[in-house]
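The block underneath contains the structure these notes are about, expressed in structure tokens.
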Amino acid sequence: MSRGRNFDRVILLLILFAVCFFGIITVNTLDRNRRAIAELREAVESMPAGGVMLNYSNAAGAVQGCKLAEYYDQKAPRGGTFTKAIASDTGTLNPVLSNDAIAADIIGMCVASLATRDPQNPEEFVPLIAESWQISDNGKRITVKLRQGVLWQDFVDPDSGKRVPEKVVTAHDFVFYVDVVRNPKVNAAHLSNYFRDMDSCRAISDYELEVVWKNEYFRSLEMTLGLIPLPRHFYCPDGKFDPEKFNYDHKRNKMIVGCGAYKLTRYVSNQRYEFVRYNNYFGNALGIAPPIRKCVFEVVGNENTRFQMLLSGELDQLSITPDQWVKRSQDKPFSSHVLTVGETSEEFPLSEGENLRKIKYLANVYMYIGYNMRNELFKDKRVRQALTMLCDRRKILDDIYYGQGRITSGPIFCDSAYYDQNIRPWPFDPAQAKKLLAEAGWRDSNGNGILDKDGREFVFTALQVAGNKNQELILSIFKEDLARAGIDMKIVAMDWSLYLKKLESRDYEVCSLGWGMPYESDPYQVWHSSQTGGNGSNHVGFENAEADRLITEIRRTFDVGERIKLFHEFHKLIHEEQPYTFLVVPETLLVVSGRMHNVRCFPLGVDSSMFWVAK
């Protein structure tokens with residue numbers, strides 16, 4: 001009996017072993033199948049709709065037409081997800097109506113322009129939707145030949161619920177964009193002013209566009225090549241354009257129908273945006289298709305929460321604050337080497353224990369304190385110079401920006417040839433400031449500690465955007481130094497919408513803001529005297545005949561060397577007049593996950609469309 005029971009146990013053990021053995025084989029087989037299915041799905045999703053898969057291993061012939069292709073790794077694996085955080089949701093995704101950096105970032109994922117600047121050599125333009133262009137001798141007439149086969153992405157109409165198929169992009173779509181921007185009933189004042197010197201934009205044929213400018217303008221080529229198409233079939237499903245509906249169609253204005261590298265596939269209000277690589281993107285044939293399949297923008301308002309998400313691996317890219325950079329990113333897992341302009345991740349691989357790469361470059365923006373020169377307090381340039389000398393900008397840079405930036409002396413990007421390096425910022429010099437104020441007639445005649453002149457005390461109010469921590473700290477430092485000199489500055493915080501109304505109506509005394517700067521800036525919008533009213537950005541009311549002359553000459557000078565000389569003269573004039581106290585140019589402090597390869601720091605920043613992740 002015992003022998004029989006032992007035999008039964010052996011049989012049972014053999015059966016159990018067989019079950020385990022074949023179970024393991026089955027699990028491994030299923031796992032291999034799952035991997036194979038995932039790889040197959042990735043391959044299928046990478047196919048153009050026509051069913052022809054792009055052969056990336058034989059892309060050499062296809063990439064010769066686009067210089068950008070040299071910055072992409074043509075052997076990079078296709079797939080993976082890239083996640084970043086944005087501080088807030090945006091009001092509209094309409095590319096004509098939107099006027100904030102976050103919206104521009106989101107829209108930029110899905111749209112494409114005629115051309116773009118070469119990120120490594122920004123003075124050169126690289127064709128995108130444009131195949132080529134010709135410019136007349138005076139630069140006023142530009143003819144663009146469009147690339148054929150560029151497609152509008154398909155979409156589901158928000159009203160009818162019907163799927164609208166892909167459609168070819170033509171020159172008429174660019175004409176439609178210009179017409180809409182210039183339509184006075186469309187809420188596009190922030191854009192329309194840049195097109196005021198455009199005489200006409202017309203389609204010669206479906207694939208040829210002609211743009212004519214009224215005057216000789218050095219940025220006419222940049223403005224022309226920066227044009228984007230606008231999908232008439234999306235915004236005008238019935239064929240008719242209605243400005244009112246265009247402005248306030250909330251369903252459509254929360255959608256993007258583009259022709260770019262990614263397609264917006266999911267949006268959850270105040271939570272996230274999800275993009276998937278567009279299979280029929282024209283950049284596939286040019287070698288400039290992004291390797292990463294999916295991108296996610298998480299809406300996270302709290303900066304500390306964003307930082308914790310970065311540490312936990314939930315984010316692949318994050319712009320961090322100066323204090324986080326200095327106090328919280330000096331040790332592993334952050335990289336000891338900081339990537340700067342001209343460097344790549346392949347040249348400087350991460351060391352053991354490092355999985356977060358630090359990158360730093362100057363931002364194309366400057367911060368300032370602006371004085372409303374319609375107010376008698378600020379009409380004398382000696383007063384404005386004195387106010388700047390009472391602003392401890394070194395303390396602002398060190399205490400608020402933790403030294404991550406530069407003090408600037410004018411409204412020009414300080415790493416540009418157009419910025420005169422010989423002009424030094426006004427020093428922090430309270431003694432000299434008091435002398436200038438006395439020369440301008442300001443004295444404490446009644447001994448109450450406040451300067452006065454002609455019966456008026458030197459008291460004014462500065463506006464602050466509610467919740468803007470940096471602005472609050474800047475104005476607090478300024479207030480203390482002004483008080484020591486006998487000037488009383490009061491600070492009033494208000495919501496951005498009300499702040500903006502105050503600027504537009506010129507109903508303020510002092511403001512604190514920042515301006516973004518393109519690679520080649522045009523001072524007209526902010527500094528020409530014609531822009532002091534209406535929709536112009538010269539809200540401080542700066543009027544100077546010599547500045548107007550220089551601005552006019554700058555705009556019609558095509559020779560770069562001559563234009564640099566004119567900019568230097570303009571820089572010197574603005575420095576002397578001090579309509580703003582020019583504060584600092586902050587540095588962009590970026591952290592990118594070590595999962596990302598082909599990370600490059602260009603003069604114009606970092607382009608995440610070039611990243612790839614290992615499978």
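The values are calculated or read from the model by the stated rules, or taken from the named source; none is laboratory data. These numbers come from a predicted model, not from an experiment. Backbone-built Cβ (ideal geometry, glycine too); neighbour counts: all protein chains shown. Areas reflect the complete protein model, heavy atoms only, side chains present, ligands, DNA and RNA absent. Shrake-Rupley method; radii C 1.70, N 1.55, O 1.52, S 1.80 Å.
Odds and ends about this structure:
- Over the chain: Kirkwood hydrodynamic radius from C-alpha pairwise inverse distances, Å: 27.6 Å
- Solvent-accessible heavy-atom area per residue, rounded to whole Å², over the chain at 1.4 Å: 47 Å²
- In this simple spin-label model, placing a label point 7 Å from the Cα along the Cα-to-Cβ direction at both Leu500 and Arg374 gives a separation of 2.0 nm.
- Extension gain for the segment Lys490 to Asp392, taken as residue separation times 0.36 nm less the Cα-Cα distance, is 33.5 nm to one decimal.
- C-alpha long axis of helix 469-484 to longest principal axis of the chain, angle in °: 20 degrees
- Legend: P(r) of the range 165-251 from all alpha carbon pair distances, 10 Å bins from 0, whole percents, reading 15, 47, 31, 6, 0.
- Residue order for Leu230, Leu451 - accessible surface, 1.4 angstrom probe, largest first: Leu451, Leu230
- Working from Cα pairs under 8 Å separated by at least six residues, relative contact order for the chain is 18 percent.
- From phi via Karplus (6.51, -1.76, 1.60), per-residue ³J(HN,Hα) for the range 600-614 in Hz, x at Gly/Pro: 10, 9, 9, x, 9, x, 10, 10, 6, 5, 8, 5, 9, 10, 5
- Computed lengthening from Gln271 to Ser312, 0.36 nm per intervening residue step minus Cα-Cα distance: 12.9 nm
- Ordering of 428-435, 102-109 by burial proxy (mean other Cβ atoms within 10 Å per residue, highest first): 102-109, 428-435
- Zero-based 5 Å bins, Cα pair distances in the range 83-177, whole percents: 2, 9, 14, 18, 20, 17, 11, 5, 3, 1
- Taking each of Lys327/Lys469; Lys145/Lys240; Lys358/Lys502; Lys67/Lys572 in turn, the alpha-carbon distance tops 29 angstrom for Lys358/Lys502; Lys67/Lys572.
- Relative to the dominant Cα principal axis of the chain, helix 430-439 is inclined by about 40°.
- Computed over the Cα atoms of the range 337-475, the ratio of the radius of gyration to the Kirkwood radius (Rg/Rh) comes to 1.11.
- Here the range 580-604 is scanned for amide nitrogen atoms under 16 Å from the site 7 Å beyond the Cα of Tyr519 along Cα-to-Cβ, giving 601-604.
- Helix 545-555 and the longest principal axis of the Cα set of the chain meet at an angle near 30°.
- Thr305-Glu123 FRET efficiency (beta carbon distance; Förster radius 56 Å; 0.05 resolution): 0.90
- Taking a Cβ cut-off of under 13 Å around Tyr368, the surrounding Lys, Arg, Asp and Glu residues balance to a net charge of +2, with basic ones at +1 and acidic ones at -1.
- In this structure, Ile450 and Gln330 have a Cβ-Cβ separation that, at R0 = 30 Å, corresponds to a calculated FRET efficiency of about 0.10.
- Every helix of 4 or more DSSP H residues in the chain counts as -39500 (n - 2.57), and over all residues that averages to -9000 deg cm²/dmol at 222 nm.
- Kirkwood-Stokes translational diffusion coefficient of the range 497-593, alpha-carbon pairs, 37 °C, 0.692 mPa s, µm²/s: 216 µm²/s
- Per atom type, the chain shows carbon and sulfur on 51% of its accessible surface, probed at 1.4 Å.
- R0 of 22 Å, Cβ-Cβ distance Ser200-Phe558: FRET efficiency to nearest 0.05: 0.60
- Debye-formula intensities of the range 222-355, expressed as log10 I(q)/I(0) at q = 0.12, 0.19 Å⁻¹, are -0.77, -1.25 (one equal scatterer per alpha-carbon, no solvent).
- Inter-probe distance in nm under a simple model that places probes 7 Å from Cα toward Cβ, at Asn468 and Glu569: 3.4 nm
- Packing here is the average count of other Cβ atoms within 10 Å per residue, and on that basis the peptides 390-400, 336-346, highest first, run 390-400, 336-346.
- Amide hydrogen neighbours beyond the local backbone of Gly405, cut-off 5 Å, H modeled: Glu587
- Residue-span extension gain [Glu347 to Asn422] - 0.36 nm each, minus C-alpha spacing: 23.6 nm
- Whole-Hz couplings from phi, Karplus 6.51/-1.76/1.60, listed for the range 263-280; x for Gly and Pro: 10, 6, 9, 7, 9, 10, 3, 6, 10, 6, 10, 10, 10, 10, 3, 7, 4, 9
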